[in-house]
Amino acid sequence: MSACPPVRLTARAESFALREAFTISRGSKLATDVVVAELHDGEFVGRGEGGPNARYDETPAGIVAQIEALAPAIAGGLDRIGLQDALPP
């Protein structure tokens with residue numbers, strides 16, 4: 001049985017134009033920004049996305065940086081339980 005290849009983590013920010021303005025009491029926006037994270041194991045790709053929350057001073061670039069900082073730990077075997085301790089709430 002061969003050893004599993006290390007898992008590779010990537011992250012990127014994407015922006016999607018909205019068909020029409022989304023308006024709430026705090027303002028309107030014409031696009032939504034998300035961060036996409038992908039895990040690659042050489043055969044399969046797992047993908048997830050989430051939107052940074054300005055209320056918590058999150059930005060797409062800041063979230064991408066947080067995710068990318070975990071790449072060495074992920075490649076070293078960090079699991080989902082360990083990940084919960086490695087990231088802020």
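The values are calculated or read from the model by the stated rules, or taken from the named source; none is laboratory data. In this text, all values refer to a predicted model and were calculated from it rather than measured experimentally. A quick note on method: Cβ atoms are made from the backbone with ideal geometry, for glycine too, and the neighbour counts reach across all protein chains shown. Each accessible area value is taken on the protein alone, full model and side chains, heavy atoms only, with ligands, DNA and RNA left out. Shrake-Rupley method; radii C 1.70, N 1.55, O 1.52, S 1.80 Å.
Only residues that are under 14 Å from the mean Cα position of the chain (by Cα), surrounded by 13 or more Cβ atoms within 10 Å (Cβ to Cβ), among the hydrophobic types (A, V, I, L, M, F, W, C) and over 26 Å from ARG26 (Cα atoms): list them for the range 54-85, please. Matches in the range 54-85: ILE67, ALA69, LEU70, ALA71, ILE74. A single member of ALA37, ALA11 is under 20 Å from PRO89 (Cα atoms), surrounded by 11 or more Cβ atoms within 10 Å (Cβ to Cβ) and in contact with a Ser or Thr (Cβ under 9 Å, 6 or more places away or on another chain), and it is ALA37. Being modelled with pLDDT of 95 or more, under 24 Å from ARG80 (Cβ atoms) and surrounded by fewer than 12 Cβ atoms within 10 Å (Cβ to Cβ) is true of VAL45. Select from the range 14-34 the residues that are free of Cβ contacts under 8 Å to residues at least 24 places away in the same chain, surrounded by 12 or more Cβ atoms within 10 Å (Cβ to Cβ) and of a type in the set (Val, Ile, Thr) and list them in ascending order. The answer is THR32, and nothing else. Using beta carbons and a limit of 9 Å, which pairs, at least six apart or on different chains, have the first residue in the range 68-89 and touching a residue at least 40 places away in the same chain (Cβ under 8 Å) and the second one hydroxyl-bearing (Ser, Thr, Tyr) and open to solvent by less than 80 Å² (accessible area, probe 1.4 Å)? Pairs that qualify, where the first residue is touching a residue at least 40 places away in the same chain (Cβ under 8 Å) and the partner is hydroxyl-bearing (Ser, Thr, Tyr) and open to solvent by less than 80 Å² (accessible area, probe 1.4 Å), are GLU68/THR10; ALA71/THR10. Within the range 6-26, the only residue that satisfies the criterion of being more than 19 Å from GLN66 (Cβ to Cβ), part of a loop (DSSP other than H, G, I, E, B) and touching an Asp or Glu at 6+ places or on another chain (Cβ under 9 Å) is PRO6. Does any residue of the range 27-48 turn out to be part of a loop (DSSP other than H, G, I, E, B) and small (Gly, Ala, Ser)? Within the range 27-48, one or more residues are part of a loop (DSSP other than H, G, I, E, B) and small (Gly, Ala, Ser).
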